[in-house]
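S.K.: Quick one: the structure is below, questions incoming.
The values are calculated or read from the model by the stated rules, or taken from the named source; none is laboratory data. Everything quoted here is computed from the prediction, not taken from an experiment. Because the Cβ atoms are built from the backbone with ideal geometry, glycine has one as well, and the counts that use them run over all protein chains shown.
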Amino acid sequence: MFLDSSAFVVRKTRWGRGVFARRELPAGFVIGDYLGIVDVPRDEGVDALYAMMLSLYRWVYPVEPKRSEGVHVVNHSCEPNAGIFPHRGHVLLSTTRRVFAGEEITFDYWMTQPEAGEDWHRCLCGSSFCRGSFSMGSARQEELVRRLFISNAWAGAKRKVRVGEKLAPLPRYPRSTRDLAAYNVFGHPELAPEEVYDEKLDHARLRALIRETGRRVWLPRSGSLVYGSHDGRLIIDA
């Protein structure tokens, strides 16, 4: 479900469908809620391709995912502009930086590494920082799951969801989401970078600037181009 359907349009992409912004969106903009039927995790069937984690033992499966439109249509990228935010027993999708009109909305799927004998989930997102697979290293994934879905900071961590339950829209949604250090933040790869004249590379300030402007940052005094913030470190071309 999109919270504001006028802000998005679903179009055909080389992967099938994708979600695109109709207008410029600020960082922290809540795109929508991942609604559907609660069930145990399963790996087979078309529905499993659209499932979203609610907790370690409960997932939500959108109703008629191939026909309906909503946040379940958003594609993967290793250089995303959105992320998932657990909230009161639901999973919201929110922008992690400013998104520009016409830009495709993407988030990192964080898929588990395949078992022995299974094929890897090959990624062809085409970004400069593509890791070649939807899968993520087990240590990093465990950290993200712990911080987002198990931490007491999740307002819905103690809410029990039942198998077969159909998640209904919440009566109220947050107006925006804060920056989470768990997420990597990259500036738009095709737009001119934001130019600042800082003497030093301050990670917190530059990350906040990329998030606010949606652009990479150029520091002429040091001759550094900052692509983004990745796993707690700045990605720089000096």
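S.K.: Would you please list the contacts, defined by Cβ atoms under 8 Å and residues six or more apart or on different chains, that run from a residue in segment 123-149 that is free of Cβ contacts under 8 Å to residues at least 24 places away in the same chain to a residue that is charged (D, E, K, R) and not in a helix (DSSP H, G or I)?
M.R.: Gly132/Arg122; Ser133/Arg122
S.K.: Name the pairs whose Cβ atoms lie under 8 Å apart, with the first residue in segment 159-172 and small (Gly, Ala, Ser), the second in a loop (DSSP other than H, G, I, E, B), and 6 or more positions between them or separate chains?
M.R.: From residues that are small (Gly, Ala, Ser), the pairs are Ala168/Leu35.
S.K.: Check segment 39-53 and report whether any residue there is touching a residue at least 40 places away in the same chain (Cβ under 8 Å) and not aliphatic (A, V, I, L, M). Before the answer, list the steps.
M.R.: Here is the first cut: in segment 39-53, the residues touching a residue at least 40 places away in the same chain (Cβ under 8 Å) are 39-40, 53.
If we keep only those that are not aliphatic (A, V, I, L, M) too, we end up with 39.
Checking segment 39-53: at least one residue is touching a residue at least 40 places away in the same chain (Cβ under 8 Å) and not aliphatic (A, V, I, L, M).
Results for (1) in contact (Cβ under 8 Å) with a residue 40 or more places away in the chain; (2) assigned by TED's automatic domain parsing to the domain that holds Ala82; (3) of a type in the set (Gly, Ala, Ser), shown as yes or no for each residue.
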site	(1), (2), (3)
Arg175	yes, no, no
Pro193	no, no, no
Glu199	no, no, no
Ala204	no, no, yes
Arg207	no, no, no
Ile210	yes, no, no
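S.K.: Let me ask another. Let me confirm something: among Tyr57, Tyr61, Tyr34, which residue is in contact with a helix residue (DSSP H, G or I) (Cβ under 9 Å, 6 or more places away or on another chain), hydroxyl-bearing (Ser, Thr, Tyr) and more than 24 Å from Asp179 (Cα to Cα)?
M.R.: Just one listed residue meets the conditions, Tyr61.
S.K.: Of all residues in segment 1-58, which are under 16 Å from Glu69 (Cβ atoms), more than 15 Å from the chain's Cα centre (by Cα) and assigned to a loop (DSSP other than H, G, I, E, B)?
M.R.: If the condition is that a residue be under 16 Å from Glu69 (Cβ atoms), more than 15 Å from the chain's Cα centre (by Cα) and assigned to a loop (DSSP other than H, G, I, E, B), then Met1, Leu3, Asp4, Trp15, Arg22, Leu35, Gly36 are the ones that fit.
Let's see how each residue does on (1) exposed (fewer than 15 other Cβ atoms within 10 Å of the Cβ); (2) in contact with a Lys or Arg (Cβ under 6 Å, 6 or more places away or on another chain); (3) farther than 23 Å from Thr106 by Cα:
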| residue | (1), (2), (3) |
| --- | --- |
| Val161 | no, yes, yes |
| Pro169 | yes, no, no |
| Ala181 | yes, no, no |
| Glu195 | yes, no, yes |
| Arg215 | no, no, no |
| Ser224 | no, no, yes |
| Ser229 | no, yes, no |
| Gly232 | yes, no, no |
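S.K.: Just checking, how many residues over segment 1-17 are closer than 20 Å to Val63 by Cβ and surrounded by 15 or more Cβ atoms within 10 Å (Cβ to Cβ)? Can you show your working first?
M.R.: Just the residues of segment 1-17 that are closer than 20 Å to Val63 by Cβ, to begin with: 1-3, 5, 8, 10, 16-17.
Restricting the remaining residues to those that are surrounded by 15 or more Cβ atoms within 10 Å (Cβ to Cβ) gives 1-3, 8, 10.
Of the residues in segment 1-17, 5 are closer than 20 Å to Val63 by Cβ and surrounded by 15 or more Cβ atoms within 10 Å (Cβ to Cβ).
S.K.: Next up: Among the residues of segment 211-228, which ones are touching a strand residue (DSSP E or B) at 6+ places or on another chain (Cβ under 6 Å) and either over 17 Å from Gly83 (Cβ atoms) or of a type in the set (Val, Ile, Thr) (or both)?
M.R.: Thr213, Arg215, Arg216, Val217, Trp218, Ser224, Leu225, Val226, Tyr227
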